[in-house]
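Engineer: Quick one: structure below, then a few questions.
The values are calculated or read from the model by the stated rules, or taken from the named source; none is laboratory data. Model, not experiment: these values are computed from the prediction. Backbone-built Cβ (ideal geometry, glycine too); neighbour counts: all protein chains shown. Heads up: the accessible areas ignore ligands, DNA and RNA and are worked out on the full protein's heavy atoms, side chains in. Shrake-Rupley method; radii C 1.70, N 1.55, O 1.52, S 1.80 Å.
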Amino acid sequence: MKSPPKTAAFNPPPRVLMGPGPSAVSEAVLAAQARATIGHLDPDFTALMDEVKLLLRYAFRTDNDLTMPVSAPGSAGMECCFVNLIEPGETVIVCQNGVFGGRMKENVERIGASCVLVEDEWGAPVDLEKVERAFAEHPDAAALAFVHAETSTGACSDAKALCEIARRHGALAIVDAVTSLGGVPLEVDAWEIDAVYSGTQKCLSAPPGLSPVSFGARALEKISKRRARVQSWFLDVNLVMDYWSGDGGRSYHHTAPVNAIYALHEALRLLADEGLENSWARHSRLHKKLRDGLQALGLEFLVAEPHRLPQLNAVRVPDGVDEARVRAKLLADYHLEIGASLGPLAGKIWRIGLMGHACREENVALCLRALEDALREQGALKRAVA
Ligand SMILES: *Cc1c(COP(=O)(O)O)cnc(C)c1O
């Protein structure tokens, strides 16, 4: 191409993000990201990196030294945990009750380890008894991996009990907390989670692109005893940690996404200002408000009440409703984005996110008003709404 393509500066349309992520980013976080870029080894930037590590320890409820953001999205945090902790030939028990467990299986198999899959229905939490049985059949399993908050279905699994099972069988617990962090209780130290990864674009409400991870003592010991080098150079935590650790000077590993770290820092500061428990309580309170309104519209939840995630509300599309037309109307008339669904649930549910900065009274009201309008337009309001 010899002549430049004709383009204009991009101005995103106004959107209220109530899907499965990315979630709405506050003005404060956007402003932080827009500040002047400085060098990634500048002493002022390395001081900021230290604060980010402390703020992440607060968010994860851990004292783990190895707590930092991987410079890539949540999927890279997942890969980081697996490539560092699992070696070829080992056995890993992976729980699958939605999309993301399937990706864990991919990671295990690509390492050359063998994956024992514990499957549950999409919309159900991980069944603890099935996990016990898997360990009885595979007592040599090196790790148990599961998704705490399954964003594809809205189901929350009992992470504390699953970690306890793993520990009892001498296996490491690898936990996907991409959607749970900041939205529901997650206790990395109290539950003795060995390795956990998250993302910036769900309940932390920073732009997508970073993946906070944390590794505990047992995980570090396993890494120190590896027979083979970690096959990914970029994700080898031994190398990355030399960059993120303050002692003995920092060595260049890669160039941190400086401005994205500004945004994460601000988002974590806002979370700390609100207080983690207050954030959990806000998600729970507004979820109940949304739930009552959705049920008044005649909509039914996919997940049974005790296992519902407040930050991801999966509701069934009523019979005869064109679900894509509803989403298109919400976007066109209300600038409102809600999520479609994936895999076996494709076309059957909507996923309404109440994540982080998007989890606010006015968004609950907007979503209910917009859905009522869209359902009425298709003659699908089960009963009159006052
Ligand atoms: C979003 C998500 C991921 C992947 O994160 P990306 O930032 O999209 O790579 C992984 N696991 C769960 C549960 C998620 O919701």
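Engineer: With both bridge residues required to lie in the chain, what share of the DSSP beta bridges run antiparallel, to the nearest 5%?
Structural biologist: Details: 19 of 40 bridges.
Looking only at bridges with both residues in the chain, the antiparallel portion is about 50 percent.
Engineer: Just name one of Trp191, Ala219, Gly320: the one whose Cα is farthest towards the positive end of the charge dipole of the chain (beta-carbon charges, Lys/Arg +1, Asp/Glu -1).
Structural biologist: It is Gly320, whose Cα lies furthest towards the positive end.
Engineer: Let me ask you something else. Please list 3J(HN,Hα) in residue order for the range 342-353, calculated via the Karplus relation 6.51 cos²θ - 1.76 cosθ + 1.60 where θ = phi - 60°; whole Hz, with x for glycine and proline.
Structural biologist: 10, x, x, 9, 3, x, 9, 9, 9, 10, 9, x
Engineer: Taking θ = phi - 60°, what integer Hz values does the Karplus form 6.51 cos²θ - 1.76 cosθ + 1.60 yield along the range 217-223, in sequence order, with x for Gly and Pro?
Structural biologist: 4, 5, 5, 5, 5, 4, 5
Engineer: Can you tell me the dipole magnitude for the range 51-108 around its Cα centre, using point charges on the Cβ only (Lys, Arg +1; Asp, Glu -1), in Debye to the nearest 20?
Structural biologist: On the way: 5 positive and 7 negative charges, 45 e Å.
That gives the range 51-108 a dipole magnitude of about 220 debye.
Engineer: What does the charge count around Gly112 come to, taking other residues whose C-beta lies under 14 Å from its C-beta (Lys +1, Arg +1, Asp -1, Glu -1)? The partial results should precede the final answer.
Structural biologist: Working: positive: Lys105, Arg110, Arg226, Arg227, Arg229; negative: Glu87, Glu90, Glu106, Glu109.
With Lys, Arg at +1 and Asp, Glu at -1, the neighbours total +1.
Engineer: Return the carbon/sulfur percentage of the accessible area of the range 27-272, one whole number, probe 1.4 Å, all protein chains in place.
Structural biologist: Values: 4800 of 9310 Å².
Carbon and sulfur: 52 percent of the exposed surface of the range 27-272.
Engineer: Need one number for the chain: average projected area of the convex hull over its C-alpha atoms, nm². Mind showing how you got there, number by number?
Structural biologist: Numbers: hull surface 86.2 nm².
Its Cα hull, projected and averaged over all orientations, spans 21.6 nm².
Engineer: Would you mind working out the accessible area per residue for the chain, using a 1.4 Å probe, and quoting it in Å²? Could you put the intermediate results ahead of the total?
Structural biologist: Working: 16520 Å² over 386 residues.
Accessible area per residue, the chain: 43 Å².
Engineer: Only Lys, Arg, Asp and Glu count, each charged at its Cβ (+1, +1, -1, -1), so figure out the dipole size of the chain about its Cα centre, rounded to 20 debye.
Structural biologist: Numbers: 41 positive and 49 negative charges, 186 e Å.
I would put it at about 900 debye.
Engineer: Could you list which residues have their amide H under 5 Å from that of Thr179, counting only those 5 or more apart in sequence or on another chain, with H placed in the peptide plane?
Structural biologist: It is Ala149, by chain and number.
Engineer: Using a probe of 1.4 angstrom, how much of the accessible area of the range 288-386 is carbon and sulfur, in percent?
Structural biologist: Working: 2260 of 4450 Å².
With neighbouring chains kept in place, the figure for the range 288-386 is 51 percent.
Engineer: Any idea what the dipole of the range 308-349 comes to, in debye rounded to 20, about its Cα centre with Lys/Arg Cβ at +1 and Asp/Glu Cβ at -1? All intermediate terms of the calculation are to be shown ahead of the outcome.
Structural biologist: Working: 6 positive and 5 negative charges, 27 e Å.
I would put it at about 120 debye.
Engineer: Based solely on its DSSP helices, what 222 nm [θ] is calculated for the chain when runs of n ≥ 4 H residues each add -39,500 (n - 2.57) and the sum is averaged over all residues, nearest 500 deg cm²/dmol? Numbers along the way, then the final one.
Structural biologist: Working: 12 runs with 153 residues, N = 386.
So the calculated ellipticity at 222 nm is -12500 deg cm²/dmol.
Engineer: So what are the ³J(HN,Hα) numbers for the range 279-287, from phi and the Karplus equation (6.51, -1.76, 1.60; θ = phi - 60°), rounded to whole Hz, Gly and Pro as x?
Structural biologist: 5, 4, 5, 5, 4, 5, 5, 6, 4
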